[in-house]
Amino acid sequence: MKTAFTYDAVGRTTQVIEGHWGDWKDYFRDLSQENAFWSLYIVIGLLFYSAIVDFKVDFKNKLLILAVLGTLVPLVLFSIVPTKLVWYIDPIYPPLAVLTGWLTVRVLKDPRLQKTGKCIFLLLLIFTLIRTEREIWKIINMPDVRPSQQLLGELAKMNVSPHTEILMQQWGQADRFMAEVVCGLNPVKYEKPEEALNTHGFLMLERDLKKVNEKFVQNHHLTVFLQNDEWMLVKL
């Protein structure tokens, strides 16, 4: 428990862990790119609403204040933290959904706004819903799978002895999950590929322009068990 707290809570807030680095703009960039349509909906909606009527925020609305804090506080804090992972800011989406709902209801029920303005805002909402739904279907039908995970997925379909060691120089969380949970293997980290020569199992090697790892496989007469454009899985 102490090790987990030191590694995950303290380590990730003071240094870059497992190569997941980035600058303070990363999560704002994710919001503007990965959730572009809802981000535009909120920004355009607020500008449109405030330009037509005298828009004031009700600071007595506790749910609204909590939603604003629930969105901004994690977004700012995790933007400062050195280690960056896209799911760190997942907790902001429920309060952000509350803010979106509040804005929509506030606009459509405001008696000061004419029917034309409400129809324009409603069309913006319908457009956002349709485009967002299309993006979701794209992800479902064409999932973005990293080449290393694709290779581990192919390995999982084969008859491999459980708890067999699989070595990789830098284990990311997604790859480790695939190796342990999906494949049932024992992921091990190595510093140099030569360390793997005295073990039995599998070795994950990344292809590079200088073909260093390919030469390592050839020089030690190793067998490539699976491969794709970016990774090789070597049988030890």
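The values are calculated or read from the model by the stated rules, or taken from the named source; none is laboratory data. Note that the structure is predicted; figures quoted are calculated from it, not measured. Every residue, glycine as well, gets a Cβ built from its backbone with ideal geometry; the counts of neighbours run over all protein chains shown.
Among the residues making up the range 197-219, those that are more than 14 Å from M232 (Cα to Cα) and in contact with a Leu (Cβ under 8 Å, 6 or more places away or on another chain) are L197, T199, H200. Restricting attention to the range 133-159, the residues that are loosely packed, with under 15 Cβ neighbours inside 10 Å and among the polar types (S, T, N, Q) total 2.
Being of a type in the set (D, E) and surrounded by fewer than 12 Cβ atoms within 10 Å (Cβ to Cβ) is a property that does not hold for E180. Residues that are free of Cβ contacts under 8 Å to residues at least 12 places away in the same chain and closer than 22 Å to G172 by Cβ within the range 190-204 comprise just one, K192. Is it true that L75 is closer than 17 Å to F28 by Cβ, hydrophobic (A, V, I, L, M, F, W, C) and surrounded by 11 or more Cβ atoms within 10 Å (Cβ to Cβ)? The answer is yes for L75. A Cβ distance below 7 Å, combined with a sequence gap of six or more or placement on separate chains, defines the contacts here; from the range 29-56, residues that are assigned by TED's automatic domain parsing to the domain that holds I89 reach residues that are of a type in the set (D, E) in the pairs V53/D110. When the residues of the range 205-231 are filtered to those that are touching a residue at least 24 places away in the same chain (Cβ under 8 Å) and touching a helix residue (DSSP H, G or I) at 6+ places or on another chain (Cβ under 7 Å), the one that is farthest from I166 (Cα to Cα) is D229.
On the given criteria, is V234 out of contact with any Asp or Glu (no Cβ under 7 Å at 6 or more places or on another chain) and either at pLDDT below 90 or on the phi > 0 side of the Ramachandran plot (or both)?
Values: out of contact with any Asp or Glu (no Cβ under 7 Å at 6 or more places or on another chain): yes; either at pLDDT below 90 or on the phi > 0 side of the Ramachandran plot (or both): no.
Against the criterion (out of contact with any Asp or Glu (no Cβ under 7 Å at 6 or more places or on another chain) and either at pLDDT below 90 or on the phi > 0 side of the Ramachandran plot (or both)), V234 does not qualify.
Only one entry in V160, V234 is touching a residue at least 12 places away in the same chain (Cβ under 8 Å), of a type in the set (V, I, T) and outside any strand (DSSP E or B), namely V160. Taking the range 134-184 as the range and being over 19 Å from the mean Cα position of the chain (by Cα) and of a type in the set (D, E) as the test, the residues that pass are E154, E165, E180. In the set (1) touching an Asp or Glu at 6+ places or on another chain (Cβ under 9 Å); (2) part of a helix (DSSP H, G or I), K84 fails one condition alone, (2). Which of the residues spanning the range 127-150 are closer than 26 Å to T83 by Cα and part of a helix (DSSP H, G or I)? If the condition is that a residue be closer than 26 Å to T83 by Cα and part of a helix (DSSP H, G or I), then I139, P147, S148, Q149, Q150 are the ones that fit.
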